[in-house]
Amino acid sequence: MTEKINQVRVAFDIEVSKAVNVDELEQVRVKFLSRNGAIAQLFEDMKSVPVSEKPALGKLLNALKNDAQVAFDERKKTLSQSQEKPTSSIDLTLPGRPKPIGTKHPLTQTMDEIKKIFMTMGFSVATGPEIETDYYNFGALNFPPEHPARDMQDTFFIAKDVLLRTHTSPVQIRTMEQQKPPVREIMPGRVYRNEAVSARSLVSFHQIEGLCVDRGVTFSDLKGTLVAFAHQFYGKDVRFKFRPTFFPFTEPSADMYISCFLCKGKGCRMCKFVGWLEIMGSGMVHPHVLQNVGYDTEEYTGFAFGMGIERIACLRYGVDDLRLFYENDVRFLQQF
Amino acid sequence: MKISHNWLKEYINISLKPATLAENLSKVGLEVGGYEDLAVKYEMFVVGEVLERAKHPNADRLSLCKVNVGSEVLDIVCGAPNVTAGQKVPIALVGATIPRNQHDPEGKSFALERAHIRGIQSNGMICSAYELGLGDDADGILVLKQSAKPGTPFSKFLGLSDVLYDMEVTANRGDWLSHIGVAREIQMITGKKASLPRARIKESATLAKKHAAIRILDKQKCRRYSSRVLKNVKLRPSPQWMQDRLQSVGLRPINNIVDVTNYVLMETGQPLHAFDYDTLAGHAIVVKCAEEGEKFTTLDGKERILRSDTLMICDGEKPVAIAGVMGGANTEISEGTTTVLIESANFDPSSVRRTSKYLGLSTDASQRFERGVDIEMTLYAANRAAELIQEFTGAEVLKGSIDIYPKKARPTFVSLRVKRTNKVLGTSLSKQEIISLLGRLELTPAAQTKETVKFRVPSFRYDIVEEIDLIEEVARAYGYDNIETKTRMTVDFSKPLRTNSLQDEIRNYMIGAGFNEVLTYSLQDRMKGHLMADKAVEVLNPVSAEASVLRTSLVPGALTVVQHNRSHGQRDLRLFEIGSVFGLRGEQPGSTLDAYVEEERLLVLLSGNVISAQYGSEHRATDLFDLKGEVQALLSKFCLDKYRFIYYDSASALIESALAVEINGTYAGFLGEVGKSIAQGFDIDGALFVCELRVADLQGGWTTEKKLIPLPRFPSVRRDLAFVVNTGMQHETVARAIREAGGTLLTNLVLFDLYAGDQIGAGNKSLAYSLEFQPLDRTLTDREIDAEVLRIVKHVEATCNAKLRAL
Ligand SMILES: [Zn+2]
């Protein structure tokens, strides 16, 4: 019975607020407040409830009846006032004059959001050139010459020792060469890989890398920082795991996974039915890298991480063809 | 890389379930991409016995079979010509997933349903080898041996009980490219011991050394060469179990000799090669580099041109194999082979990698040598292969191995500091815990002090050379999950944070102004790349012609975007992009960055109507001054008064009616209308206006520090003036004259009307200006203003050949 009374209350509130003129309001009155209306019917139903429940229910029902009457009267006053006004010569339903709506590219939006989270953690933004030397892209990052690790990143070459950077990691080296620790930088930018173009792979894409070097920075801090980021970006309830992997410029290295935010880890198409999504690579900066920029490796340790923006944007927006990002169809852009 | 569960069990006792094993291997960095349990591969497939075969009443080529599947007898329609009563055949029951569809061009799998075929119900399917994924024969059904029992699950009939793991091996761990390597990783997880079987050989009295001479001439590139010689070898197929095993990891069985070399490769990670001994001139092996340009035909029948740094295996006269990559056709094992020389060598990783890259030839052997192979494995692998060949063929193994090992590798010792380990990992492990963790990886303490342990590194872990490598092993063995996720961290604020970026500000401004941000490819085809500049940076190894030149301007990319949108009905466009463009500083690409120009640009584009069609206001096509206005607003916002426009006389085919933009006196970019012929090249027929500016110059003019100018305390006065001038007279000239005469008192000047028509005579136009005078120290009297206005009128009339027009 209590539930019934509440249902009628909710239904009445909705219909009163929906009524836009006196005629419509009258229909609401008939439906609820008239002799045969819903509220009268409730009083009728009261007769069959046990005596013990009558006082409480009676109170509830009377309150409903009073509230409904007050709400009805007020609405009636408002509606009749507005109708008393002389009809304006202006058709207020005409559309407003449209203004163009500007939009930030979904990749920029994703990048900005990631940047913002790290900036609140005290990271600054650094950038570097897209045409790079072999030294900055590979050598300084502890890729030995003639090593299969170089095959991990198929490279576009421009000239001897000059190439299109395959990751934003060269900016790590440039940043560290220019400043002493502490370093807390994030490095967004465009990178290039010599791969066949398809819905899942393009010859260039965007990355954000991060670097933190200071006294006393540990693998524990790496985990903590990246988990804090993931909770901020993907939601407080995502679970995470770190798995060993290999990058020449970090050791130990770790791939970070989060529980799939679409299926909550149960398995779906997006996570290829494993319940986990790989979201970034990370690791403790290799001592050789720190040596290459002249840092004292006994005094300083650090961590680095990197993620692909296109991949993250695909996951967030449900885009399954990377090429859409570069087609720039305004009907696509204006959705974001 | 495929790894077989049953095969692993040859080297280590495994009690973990496949799912758990896969998860645990991933936890230590040996990522299992997936695994296939063969026991459930043929779910819903059983052995059947064809009891009767009758012709299908409605189709000549179909037969109607009664098939005993153990529990019942099914009616099955079959289209194969070779089906007869009495056969034992594989039956797919309703609900089975048929691995390959022979009617599908790509052979996609499909789910079998109960079907009516030409009016007769079929309750299953008799399968071909192709459909089962067991072979390429799709013409007839697969007939099983007569002893097969109806109703037996098909996996069981095939003896399938293995689990195959798909391993994703990282570039640093070549040792994982073998079953023993993976078994050792399981040893770290479970603590159970992993080991290779001992190779037991019955040697003959004849000395191998007397029958073959081996010399290494290039000791840098070939670090060890071990060999065994076997006589009276009989070439035949290898035993079924070995064929099955090789097939399970994706290798095609060939003959017992080649199969053994492949088996030992998959077992130990040591690549082997078998030569037909009788084809080796002088029964000799000489390891040396090739002659530049020398030709050589590899096993795959292809002729290869060698370089002087290509390491070759030669006999007394000629090359017989490309070291570590592929053997030659000239000494290949063949029908007539009776004596075999087994090569088990260790080659320099970078040499093999160079050769493999240069030849464009990547093999199971080269992939392993590139990553590194355990130098102490060669002898065992040669013996193991000899053992298996002897077992299969009864061959005579000559006495002794030939093992040329010019510079024996000394064992590696690496020291680890306990404190340092904890400092990197954020753990608090004790020395004893570390020793116990690393012990499972066969890293044994050779010496220790209170703080430091010196570990002896096993030869198969050639990737461990320094302390950080051991720290990583500690982290893996301890488990990444067990390392604390620390959410408190100190941040040093001694350096100011760089937070504001002009690019971000410009983006936000442009979005507020109603523009859509685009991002376009920076690698373009040659036409687009050279559209705005003669010299462009080209990629030496492009993946396609469409992505071979780095963009020299953001304009061509923007035109592509307009083209796409117009072809999809979107004509009113307001676009911008911020991105890098590239160029050559000199004539040629150089080997340093000085040879290249890389700069960020801002592109703004307008096309179509100013505002889309709507009631109450006329919509009109965008013109140059709409764009100029947008750019003016942008520049005024960011660069205040530090910019100006320069007007060109000549227009180019690219950009018609162009204006140059100067910021702080330097050229920062241009704006104008895209030339008709260029636009047509992108199928664009309407007018298109673009502006491209250098972000660095905007940055240079960006005014972030602002000081208040006190607001005027006295009222300003406005007066309107209109001048009739020749059509050729420019607004800028008239405005300059007004400003000159008006001096500091004139604070604002707006052109509010432009008129040409009968009232003022042909060849003339009228420019109407609103002038605002703002005194700083007093209120202006009417007389003062009149005098000021008169002075301006006189000056303009005198310098601009103008006449004041009565308003
Ligand atoms: Zn999912």
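Tell me the GluC sites (Glu not before Pro) within the range A:241-309 that lie in a loop according to DSSP and have at most 14 other beta-carbon atoms within 10 Å.
Within the range A:241-309, the qualifying GluC sites (Glu not before Pro) (loop, at most 14 other Cβ atoms within 10 Å) are A:Glu298, A:Glu299.
If I take all pairs of Cα atoms in the range B:42-158, what percentage of them are more than 26 Å from each other?
For the range B:42-158, the share of Cα pairs beyond 26 Å comes to 9 percent.
May I ask you to work out the translational diffusion coefficient for the range B:502-701 at 37 °C, viscosity 0.692 mPa s, via Stokes-Einstein with Rh from the Kirkwood sum over Cα pairs, reported in whole µm²/s?
Once the numbers are plugged in, D ends up at 186 µm²/s.
From the P(r) of chain B, can you give the percent of Cα pairs sitting at distances over 46 Å?
Taking all Cα-Cα pairs of chain B, the fraction more than 46 Å apart is 56 percent.
Compare each residue of the range A:318-336 in its chain alone against the assembly with all protein chains, and report those whose accessible area goes down by 20 Å² or more; 1.4 Å probe, heavy atoms.
Residues of the range A:318-336 that lose at least 20 Å² of accessible area once the other chains are added: A:Tyr326, A:Glu327, A:Asn328, A:Asp329, A:Val330, A:Arg331, A:Leu333.
Compute the signed sum of charges (Lys and Arg +1, Asp and Glu -1) over the other residues within less than 15 Å, Cβ to Cβ, of B:Lys408.
+2
What does the buried accessible surface come to for B and A, summed over both chains, with the probe at 1.4 Å? Round to 100 Å².
The contact between A and B buries close to 7800 Å².
Just in the range B:208-292: which trypsin sites (Lys or Arg not before Pro) are loop by DSSP and have at most 14 other Cβ atoms within 10 Å?
B:Lys219, B:Lys234
Compute log10 of I(q)/I(0) for the protein assembly as shown with the Debye formula, placing one identical point scatterer on every Cα and leaving out solvent, at q = 0.04, 0.05, 0.07, 0.09 Å⁻¹, to two decimals.
-0.37, -0.56, -0.94, -1.24
List the residues of the range B:571-600 that lose 40 Å² or more of accessible area once all protein chains are present, compared with their chain alone (1.4 Å probe, heavy atoms only, no ligands or nucleic acids).
B:Ser591, B:Leu593, B:Tyr596, B:Glu598
Enter the accessible area of B:Ile578 (Å², nearest 10), with the probe set to 1.4 Å and all protein chains included.
Accessible surface of B:Ile578 is approximately 10 Å².
Using a probe radius of 1.4 Å on heavy atoms only, what accessible surface per residue do you get for the range A:18-132? Whole Å² is fine.
63
Residues with beta-carbon under 11 Å from that of B:Tyr358, excluding B:Tyr358: net charge, scoring Lys, Arg +1 and Asp, Glu -1?
+4
Using DSSP to call loops (not H, G, I, E or B), can you name the trypsin sites (Lys or Arg not before Pro) in the range B:579-649 whose Cβ has at most 14 other Cβ atoms within 10 angstrom?
B:Arg585, B:Arg620
Rounded to the nearest 10 degrees, what's the angle between the helix B:731-742 long axis and the longest principal axis of chain B, both from Cα atoms, 0 to 90?
50
For A:Asp134, B:Asp315, what's the largest-to-smallest order of accessible area, 1.4 Å probe?
The residues order as A:Asp134, B:Asp315, largest area first.
For B:Ile254, what accessible area in Å² do you get when you roll a 1.4 Å probe over the heavy atoms of the protein chains, rounding to the nearest 10?
Rounded to the nearest 10, that gives 100 Å².
Which parts of the range B:23-46 would a label at B:Ser109 reach, counting a residue when its backbone N lies under 19 Å from a point 7 Å out along Cα-to-Cβ?
B:33-46
At a 1.4 Å probe radius, carbon and sulfur cover how many percent of the accessible area of the range B:717-805?
Heavy-atom surface of the range B:717-805 belonging to carbon and sulfur, 1.4 Å probe: 50 percent.
Normalised by the residues of chain B, what does the relative contact order come to in percent, with Cα pairs under 8 Å and at least six apart?
Contact order relative to length: 8 percent.
What is the distance, in nm, between label points placed 7 Å from the Cα along the Cα-to-Cβ direction at B:Glu484 and at B:Ala447?
Calculated label separation equals 3.4 nm.
What does the charge count near B:Cys289 come to, summing +1 for each Lys or Arg and -1 for each Asp or Glu among other residues with Cβ under 11 Å from its Cβ?
Summing Lys and Arg as +1 and Asp and Glu as -1 gives -2.
If you roll a 1.4 angstrom probe over the protein chains with everything in place, what fraction of the accessible area of chain A belongs to carbon and sulfur, to the nearest %?
In chain A, the share of accessible area belonging to carbon and sulfur is 53 percent.
Using a 4.7 Å cut-off between beta carbons, which cysteines in the protein assembly as shown end up with no partner cysteine at all?
Cysteines of the protein assembly as shown left without a disulfide-compatible partner: A:Cys212, A:Cys314, B:Cys65, B:Cys78, B:Cys127, B:Cys222, B:Cys289, B:Cys314, B:Cys639, B:Cys691, B:Cys800.
Work out the P(r) tail for the range B:717-805: percent of alpha carbon pairs separated by more than 21 Å, whole number.
For the range B:717-805, the fraction of Cα-Cα distances above 21 Å is 28 percent.
Karplus couplings for the range B:532-549 from phi (6.51 cos²θ - 1.76 cosθ + 1.60, θ = phi - 60°), rounded to Hz, Gly and Pro as x?
Once θ is set to phi - 60°, the couplings for the range B:532-549 become 9, 7, 6, 9, 9, 7, 10, 8, 6, 10, x, 7, 7, 5, 5, 10, 10, 10 Hz.
What do you get for Rg/Rh over the range B:203-404 if you use C-alpha atoms and the Kirkwood form of Rh?
We get a ratio of 0.93 for the range B:203-404.
Could you work out the helix-only [θ] at 222 nm for chain B, with each DSSP H run of four or more residues adding -39,500 (n - 2.57) and the total divided by the number of residues, to the nearest 500 deg cm²/dmol?
One gets -7500 deg cm²/dmol as the mean residue ellipticity at 222 nm.
What longest region of chain B stays clear of chymotrypsin sites (Phe, Trp or Tyr not before Pro) that DSSP places outside H, G, I, E and B and that have at most 10 other Cβ atoms within 10 Å?
In chain B, the maximal stretch lacking such sites is B:1-492.
If I fit a long axis through the Cα atoms of helix B:624-639 and take the longest principal axis of the Cα atoms of chain B, what angle between them do I get, 0 to 90°, rounded to 10?
Computed tilt is about 80 degrees.
The values are calculated or read from the model by the stated rules, or taken from the named source; none is laboratory data. Worth saying up front: this structure is predicted, and the values here are computed from it rather than measured. No Cβ is skipped: glycine too gets one built from the backbone with ideal geometry, and neighbour counts run over all protein chains shown. Only protein heavy atoms, including side chains, enter the accessible area calculation; ligands, DNA and RNA are left aside. Shrake-Rupley method; radii C 1.70, N 1.55, O 1.52, S 1.80 Å.
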